[in-house]
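Input: a single structure, listed below in structure tokens.
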Amino acid sequence: MTQQAEQGSTDQDRTDAALARLAEFRDGRTRAVVGPRGNLALVNTQWITGDPAVGQPVWGVPGLWAPVPAGVSGLALTVAASEGITVDGDVVDGSVLVAGLDAMQPSSIRFSDTLTGTVIAGEDGGYALRVWDAASEGIRDFGRIDAFPYAPNWVVEARFTPIPGRREVSIAHLQDEGRTRQRALPGEITFTRDGIDYNLVAFEDGPSLLLVFADATNGVSTYSVGRFLRVSPEGDGTIRLDFNRAYLPPCAFSYNFNCPIAPAQNRLTIPIEAGERMVLAADGTPLHD
């Protein structure tokens, strides 16, 4: 075999390996979004702000839900045993504390064979009940996550530069009516493409950084709000942006999620034709715009 042929074989092997990894990633994404608590299963997110002495109803499930004293995680649920709600495996008859996901031991809530619940904490100290339906309309109507073909030119080698001290960025969310939330920035991501320098920001989200970005494909060939990409810088400051792994935010699957909107410097004017495009129903039409 000639050196040129060997090089061609090596390049093809790399491409085949990248395609296999991407196929595995996309299969995992599909399995996740149709799961009992996947993005398509979320049917309600309701913030509980009523009088603690009275409680308030939540759409789609029984009982009255009320705030609890400051410093206590979760919500108070009052319901009759005949409704069949279980919290941590026990049928509720009267009142019980339902611990939030921020508690040391979050409560598990089951309303029926398909309906479950979780209690989430807000940044203002409030709590909301999320209701998940393993047989939701979204799961029933789901067809597939449409995506661009693999684009090796959108695997970008970039640079991560830590930001000394504490710098924050204002992040707007779809349902916050113009209000913004401050997120700490551990560093900036820079790369050059076609002679143009780009400077992006990503914030900490679990063990990795979350890059929330928009580009010229939004509202044209991809979901209008934008997309996400998880990235992890190496110890030497290099960081790989594989936009083939760009994925749709949860709000592309259910309107009951309140997704962050890309900050100004992450709104690119170029089209990034890589990664997930939009959620399609079984009939091939977009599930959400």
Quiz item: Do we find that D197 is closer than 23 Å to R167 by Cβ and assigned to a loop (DSSP other than H, G, I, E, B) in this structure?
Solution: no
Exercise. Just need a number here: residues in the range 14-51 that are loosely packed, with under 11 Cβ neighbours inside 10 Å and more than 24 Å from E276 (Cα to Cα).
Key: 1
Quiz prompt | Residue that is least open to solvent (accessible area, probe 1.4 Å) [pool: residues in the range 175-215 that are touching a Ser or Thr at 6+ places or on another chain (Cβ under 6 Å) and among the small types (G, A, S)] | solution = G187
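Among the residues in the range 5-24, are any of a type in the set (S, T, N, Q) and modelled with pLDDT of 95 or more? Steps first, please.
To start, the set of residues in the range 5-24 that are of a type in the set (S, T, N, Q) comprises 7, 9-10, 12, 15.
Now narrow it down to the ones that are modelled with pLDDT of 95 or more: none.
No; the residues of the range 5-24 include none that is of a type in the set (S, T, N, Q) and modelled with pLDDT of 95 or more.
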Exercise. With respect to Y223, determine if the residue is open to solvent by 50 Å² or more (accessible area, probe 1.4 Å) and of a type in the set (F, W, Y).
Key: no
Quiz item: Taking the range 200-223 as the region of interest, how many residues are assigned to a strand (DSSP E or B), at pLDDT 90 or above and under 16 Å from P249 (Cα atoms)?
Solution: 9
Exercise. Need at least 3 residues that are within 22 Å of D113 (Cβ to Cβ) per element, so show me which strands (runs of 3 or more DSSP E) inside the range 1-98 make the cut, counting only ones lying wholly within it.
Key: 42-47, 61-67
Quiz item: How many residues, within the range 235-279, are assigned to a loop (DSSP other than H, G, I, E, B), under 16 Å from I171 (Cα atoms) and free of Cβ contacts under 8 Å to residues at least 40 places away in the same chain?
Solution: 1
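The values are calculated or read from the model by the stated rules, or taken from the named source; none is laboratory data. Nothing here was measured: the structure is a model prediction, and the numbers come from that model. With ideal geometry, Cβ positions are generated from the backbone for all residues, glycine too; neighbour counts draw on all protein chains shown. The accessibility values were calculated without ligands, DNA or RNA, using every heavy atom of the protein model including side chains. Shrake-Rupley method; radii C 1.70, N 1.55, O 1.52, S 1.80 Å.
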